[in-house]
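Taking it in order: structure first as structure tokens, then the write-up.
The values are calculated or read from the model by the stated rules, or taken from the named source; none is laboratory data. Keep in mind the model is a prediction, meaning the values are calculated, not measured. Here the Cβ positions follow ideal geometry from the backbone for every residue, glycine too, while neighbour counts run over all protein chains shown. When the accessible area is computed, the model is the full protein with side chains, heavy atoms only, and any ligands, DNA or RNA have been set aside. Shrake-Rupley method; radii C 1.70, N 1.55, O 1.52, S 1.80 Å.
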Amino acid sequence: TIQGGVDHFVWDAVPSPQGINAPFGVTITAKDASNATVAFFDGTVALSGFVDATPVSIAPAASGAFANGVWTGDVSVLEGALDVFLRADDGSGHLDHQQARLRAVRAKKQRIFSSSAPSLIAGVAGNR
């Protein structure tokens, strides 16, 4: 890793609960190896969702351009699934170390997503 260059991405807390196919706000920050924000990063990242190794449909498939090392935008999970992880990947080997995690639950015959915060997933609000 080049000193001061992008080493990984960090997701801010994901609001809870989330509905299927309903946009929710997310913030992703480019970080260096010391966990400092890489303010000059102005690229984009691929966004994906998965449960274990199985892909889960989300939109959009890519972020917009980062500004001062940060991207804030809306993401939608397009299908119901349990324990959905969201991933940010710049295509150069810099992934998020801890992905945002969403848990689907049933409420009044409608699946909704709520954020979960296991101790290994940093930056995601909620209880397990």
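Quick look at the numbers
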{"item": "Extreme residue, farthest from Trp11 (Cα to Cα), among residues of region 80-92 that are surrounded by 14 or more Cβ atoms within 10 Å (Cβ to Cβ) and not aliphatic (A, V, I, L, M)", "result": "Gly80"}
{"item": "Residue check, Val45 within 19 Å of His94 (Cβ to Cβ) and β-branched (Val, Ile, Thr)", "result": "yes"}
{"item": "Residues satisfying the stated conditions in region 6-38, i.e. part of a loop (DSSP other than H, G, I, E, B) and among the β-branched types (Val, Ile, Thr)", "result": "Val6, Val14, Ile20, Val38"}
{"item": "Where Ile2 falls short, out of the listed (1) at pLDDT 90 or above; (2) assigned to a loop (DSSP other than H, G, I, E, B)", "result": "(1)"}
{"item": "Every residue from region 39-74 that is under 13 Å from Val10 (Cβ atoms) and assigned to a loop (DSSP other than H, G, I, E, B)", "result": "Phe41, Val45, Phe66, Gly69"}
{"item": "Residue satisfying condition, being on the phi > 0 side of the Ramachandran plot and at pLDDT 85 or above, within set Gly49, Gly69, Gly64, Gly93", "result": "Gly69"}
{"item": "Ile58 being surrounded by 15 or more Cβ atoms within 10 Å (Cβ to Cβ) and either touching a Gly at 6+ places or on another chain (Cβ under 8 Å) or among the acidic types (Asp, Glu) (or both)", "result": "yes"}
{"item": "Residue in region 21-38 that is in contact (Cβ under 8 Å) with a residue 60 or more places away in the chain, farther than 18 Å from Gly93 by Cβ and either touching a helix residue (DSSP H, G or I) at 6+ places or on another chain (Cβ under 6 Å) or open to solvent by 20 Å² or more (accessible area, probe 1.4 Å) (or both) present", "result": "no"}
